[in-house]
Amino acid sequence: MIVEDDQISREFVRNMLLDDGYETCMAKDGQHCIDTVRECLPDLVLMDVSMPAMDGIEACKRLKADGDCKNIPVIFVTGNNDDETLQAAFDAGGSDYVLKPAGRVELLARVRTALAQRRMSRKLAEEEKLKGVLETAGGVCHELNQPLQYVLGAVQLLMLDVSPDSPIYANLDNIRARIEQMGEITRKLAEITHFRTRKYVGGKEIIDIDQSVAGPSEE
């Protein structure tokens, strides 16, 4: 997202990014950025500092206070490189800055660096999530395996004393099947290799066990 009140400057930066293969969305000032950022959820914001309605530093503060936008890196584009302005920009949550007029080589280099750092941050976050999932899954499997085996054995012993034609036998067999199904779930939990989620009741996300287990092509 390019946030710039001057249309010529906005188009100038946009064309540089388009020529390098990036998709862009634009905002004409800080308030417009806050109002529209959720529409495109950009991977990066190029933020002018001096703008009407709301300046870039205040807009950056509000982005960083938003749970959905706080991890979007912000590169300030400014004509002021005095210590006070730069300190305020970094205190607001900016990750870098480019002096106006922005040169193509410098701007694109800083954009690539910021995006690479964000990809690395995402990867580390996914690895931390996976670590937590694996630790939880291992604990669940360990705690459930023994009682499941005990209940399964008890049901199988009961089935030996009941006629296969009896309704009780059918009920016990259904219980046996459900216990084996639970055992299959714990087996899958123990084989989780990556982190995938799916939508659940109330819009919540839960771990998709089947998608989180490595298939034959991933092993």
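The angle between the Cα long axis of helix 167-190 and the main principal axis of the chain comes to about 40°, on a 0 to 90 degree scale.
For ASP35 and LEU134, compute 0.36 nm times the residue count separating them, minus their Cα-Cα distance, and round to one decimal in nm. Walk me through the intermediate numbers first.
On the way: separation 99, 0.36 × 99 = 35.64 nm, distance 3.90 nm.
Taking ASP35 through LEU134 to full extension adds about 31.7 nm, to one decimal.
For the stretch 125-212, what D do you get in µm² per second when you plug the Kirkwood radius from alpha-carbon pairs into Stokes-Einstein at 4 °C and 1.567 mPa s? Could the numbers behind the result be given before it?
Working: Rh = 15.0 Å.
Roughly 86 µm²/s, to the nearest whole number.
For the chain, the list of Cys residues with no other Cys C-beta under 4.7 Å reads CYS33, CYS60, CYS69, CYS141. What list of ³J(HN,Hα) values in whole Hz, one per residue of the stretch 43-49 in order, does the Karplus curve 6.51 cos²θ - 1.76 cosθ + 1.60 (θ = phi - 60°) give from phi, with Gly and Pro shown as x? In residue order, the calculated couplings are 7, 7, 10, 9, 10, 5, 8 Hz. The distance from the alpha carbon centre of the stretch 84-128 to that of the stretch 16-30 is 15 Å, rounded to a whole number.
Protection proxy ranking, highest mean first, for peptides 177-183, 52-58, 1-7: 1-7, 52-58, 177-183, where packing is the per-residue count of other beta-carbon atoms within 10 Å, averaged. Only DSSP H runs of four or more residues enter the estimate; each adds -39500 (n - 2.57), and after division by the residues of the chain the mean residue ellipticity at 222 nm equals -19500 deg cm²/dmol.
For ASP161 and ALA190 in one chain, what is 0.36 nm times their gap in residues minus the Cα-Cα distance, to one decimal in nm?
Details: separation 29, 0.36 × 29 = 10.44 nm, distance 3.43 nm.
Between ASP161 and ALA190, full extension yields an extra 7.0 nm.
Using alpha carbons only, how many degrees (0 to 90, rounded to 10) separate the axis of helix 30-40 from the longest principal axis of the chain? The angle comes out at about 40 degrees. Here's how it looks for PHE76: its modeled amide H is under 5 Å from those of MET47, SER95, ASP96, TYR97, VAL98, which are all 5 or more places away or on a different chain. Here's how it looks for MET26: its modeled amide H is under 5 Å from those of ILE2, which are all 5 or more places away or on a different chain. By the rule of a C-alpha distance below 18 Å, with chain neighbours fewer than 8 residues away ignored, the lysines paired with LYS28 are LYS61, LYS100. Tell me the angle of helix 104-160 to the major Cα principal axis of the chain, expressed in degrees between 0 and 90 and rounded to the nearest ten. Once rounded, one gets 10 degrees. List the lysines whose alpha-carbon lies under 27 Å from that of LYS204, not counting same-chain residues fewer than 8 positions away? In chain and number order, the partners are LYS64, LYS70, LYS123, LYS129, LYS131, LYS188.
Computed from the coordinates by the stated procedures, all read-outs in this text should not be read as laboratory data. Source: prediction; values computed, not measured. Here the Cβ is made from the backbone with ideal geometry for all residues, glycine too, and neighbour counts use every protein chain on show.
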